[in-house]
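Working notes, structure below.
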Amino acid sequence: ARYCTQLVKVDTKSYGLPQTRNRKYLFIWRSDDPEDDLGDYFLEIMKHLETPLLYSMDAFLLPETHDRIRCFREALRSGPGLMVHRDRAKEPNFWDWDEAGIKDLTLHKAFRQNRGIEDEVRWLTGWKPKGKLKVAPGCWPELFKCWNHRRFDLIDCFSSTTIRDGISRDALHHSYTWDLSQNVTRAPVRSSQLGVSACVTPGGEILIPSRGRSMMGFEKLLLQGIPFSRLVMGPESEVQLSDLAGNAMSVPVICATMLAAICAPQLRRARESARDKRLEKFALPQKYDLAGGAILAERGDLFEIGRDSDVKRFCAVFKNVARSLAS
């Protein structure tokens, strides 16, 4: 037996979620014909399922009065947070090579020199050695004190860059996201589209300067299309939730690829009898259910079955579908 493949590159923001997340997916199907064109139908369905962005990143962020936000701030101000603050205050000066010897210093110096930013310009954090910090209004001082000098300088480099752009913007009043876990030369200062988050990665620390804080783990789950309110969660920490979201795949993208893989054979069979038909002819029309506030398909395998029907009928409905897929 032989197999054919089709590679597709997708971006999460093309499927309704405000996050720049470029990933590649490989569609593999069994076929002895090396010229099998099933992959073309797969790509056509993937293109058809693309959804424009309706909401910006701010719509996915928790309000400052949310219990999760409040508990996190209280933890930063309590014993564990104060211990981290004391340890950070003992760190050597990032800008003193003889004292610290941090290799990223050369990258930061080159970044500032290329953009005409002086070495001591630190208007957003105002950091100095020995734990001295004077952050801009609206920022969380208890959170900033948990970070090292490299992150402070990265924040100041990016905030100064946005001000020196052709169109000057204050990072505290615009929708920027900066990944503090990356080097100053690798993390993007701005995105091509405002209101779109940076890529959610495991171990990543995404700063939202307009909120004065980093992105929470639950917010990262929402940006992946995972409704955290419907999950049965235990006492996971913020680090664990962030890693969970960073290792996950965007739900709309996964749904689109699975749906395209399942429907591609049927689309090809339908096209053989009607080559002039467009893909929109096969799409299910939608209607708005005023009573339940849901969007229901007007036709389909489950349309004639009521919501309260016996669950055993599920197998009867999908038996023919499963047999067709198996063949």
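Considering only segment 172-193, state which residues are in a loop (DSSP other than H, G, I, E, B), out of contact with any Cys (no Cβ under 9 Å at 6 or more places or on another chain) and either closer than 21 Å to Thr106 by Cβ or open to solvent by less than 50 Å² (accessible area, probe 1.4 Å) (or both).
Filtering segment 172-193 for residues in a loop (DSSP other than H, G, I, E, B) gives 174-177, 180-193.
Checking the rest, the ones that are also out of contact with any Cys (no Cβ under 9 Å at 6 or more places or on another chain) come to 174-177, 180-183, 185-188, 190-193.
Ser175, Tyr176, Thr177, Leu180, Ser181, Gln182, Asn183, Thr185, Arg186, Ala187, Pro188, Ser191 - these are the residues of segment 172-193 that are in a loop (DSSP other than H, G, I, E, B), out of contact with any Cys (no Cβ under 9 Å at 6 or more places or on another chain) and either closer than 21 Å to Thr106 by Cβ or open to solvent by less than 50 Å² (accessible area, probe 1.4 Å) (or both).
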Specify which of the listed residues (Leu7, Leu61) is at pLDDT 90 or above, open to solvent by 80 Å² or more (accessible area, probe 1.4 Å) and of a type outside the set (Lys, Arg). Leu7
Take Phe111 and decide whether it is at pLDDT 90 or above, buried (at least 20 other Cβ atoms within 10 Å of the Cβ) and either hydroxyl-bearing (Ser, Thr, Tyr) or under 30 Å from Cys71 (Cα atoms) (or both). no
Gly126 - would you say it is more than 30 Å from Val196 (Cβ to Cβ) and either in contact with a Cys (Cβ under 6 Å, 6 or more places away or on another chain) or open to solvent by less than 60 Å² (accessible area, probe 1.4 Å) (or both)? no
Is it the case, given these coordinates, that Tyr25 is within 18 Å of Ile262 (Cα to Cα) and surrounded by 17 or more Cβ atoms within 10 Å (Cβ to Cβ)? yes
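Of all residues in segment 246-269, which are aliphatic (A, V, I, L, M) and either within 16 Å of the chain's Cα centre (by Cα) or surrounded by fewer than 18 Cβ atoms within 10 Å (Cβ to Cβ) (or both)? Walk me through it before giving the result.
In the first step, residues of segment 246-269 are kept if they are aliphatic (A, V, I, L, M); the result is 248-249, 251, 253-254, 256, 258-262, 264, 267.
Ala248, Met249, Val251, Val253, Ile254, Met258, Leu259, Ile262, listed by residue number.
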For segment 72-102, the count of residues that are part of a helix (DSSP H, G or I) and open to solvent by 70 Å² or more (accessible area, probe 1.4 Å) equals 8
Quick check: is even one residue across segment 11-21 open to solvent by 70 Å² or more (accessible area, probe 1.4 Å), in contact (Cβ under 8 Å) with a residue 12 or more places away in the chain and not hydroxyl-bearing (Ser, Thr, Tyr)? no
Odd one out for Ile117, checked against (1) touching a helix residue (DSSP H, G or I) at 6+ places or on another chain (Cβ under 7 Å); (2) of a type in the set (Val, Ile, Thr); (3) modelled with pLDDT under 90: (3)
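Out of Arg169, Arg68, I need the residue that is open to solvent by 30 Å² or more (accessible area, probe 1.4 Å), among the charged types (D, E, K, R) and assigned to a helix (DSSP H, G or I). Which one? Walk me through it before giving the result.
Values: Arg169 fails: assigned to a helix (DSSP H, G or I).
So the residue among Arg169, Arg68 that is open to solvent by 30 Å² or more (accessible area, probe 1.4 Å), among the charged types (D, E, K, R) and assigned to a helix (DSSP H, G or I) is Arg68.
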Suppose we keep only residues that are part of a helix (DSSP H, G or I) and of a type in the set (A, V, I, L, M) within segment 37-52. Which one would you say is nearest to the chain's Cα centre (by Cα)? Met46
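Looking at Tyr25, Tyr55, can you tell me which residue is outside any strand (DSSP E or B) and of a type in the set (Ser, Thr, Tyr)? Give the derivation first.
Numbers: Tyr25 fails: outside any strand (DSSP E or B).
When all the criteria are applied, what remains is Tyr55.
I'm trying to understand the selection: among the residues of segment 208-242, which are in a helix (DSSP H, G or I), open to solvent by 50 Å² or more (accessible area, probe 1.4 Å) and not hydrophobic (A, V, I, L, M, F, W, C)? Show your work before the answer.
Keep residues of segment 208-242 that are in a helix (DSSP H, G or I), which gives 217-223, 228-230, 238-242.
Subset that is open to solvent by 50 Å² or more (accessible area, probe 1.4 Å): 229-230, 239-240.
Selection gives Ser229, Arg230, Gln240.
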Among the residues of segment 216-261, count how many are among the polar types (S, T, N, Q) and on the phi > 0 side of the Ramachandran plot. 0
Report, by residue number, each residue of segment 58-96 that is under 29 Å from Gln224 (Cα atoms) and in contact with a helix residue (DSSP H, G or I) (Cβ under 7 Å, 6 or more places away or on another chain). Phe60, Leu61, Leu62, Arg68, Phe72, Arg73, Ala75, Leu76, Gly81
Verdict on Tyr41 being open to solvent by less than 70 Å² (accessible area, probe 1.4 Å) and among the hydroxyl-bearing types (Ser, Thr, Tyr): yes
Pull out all pairs, ordered by first then second residue, where Cβ-Cβ is under 7 Å, the residues are six or more apart or on different chains, the first lies in segment 102-120 and is more than 17 Å from Ser159 (Cβ to Cβ), and the second is part of a helix (DSSP H, G or I). Ile102/Arg150; Asp104/Arg150
Can you pull out the residues in segment 140-160 that are under 18 Å from Val189 (Cβ atoms) and not aromatic (Phe, Trp, Tyr)? Arg150, Arg151, Asp153, Leu154, Ile155, Asp156, Cys157, Ser159, Ser160
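The values are calculated or read from the model by the stated rules, or taken from the named source; none is laboratory data. The shown structure was predicted, so the numbers you read here are calculated from the model rather than taken from an experiment. Counting neighbours? That spans all protein chains shown, and the Cβs are built from the backbone with ideal geometry, glycine included. Just the protein is used for accessible areas: all its heavy atoms, side chains included, with ligands, DNA and RNA removed. Shrake-Rupley method; radii C 1.70, N 1.55, O 1.52, S 1.80 Å.
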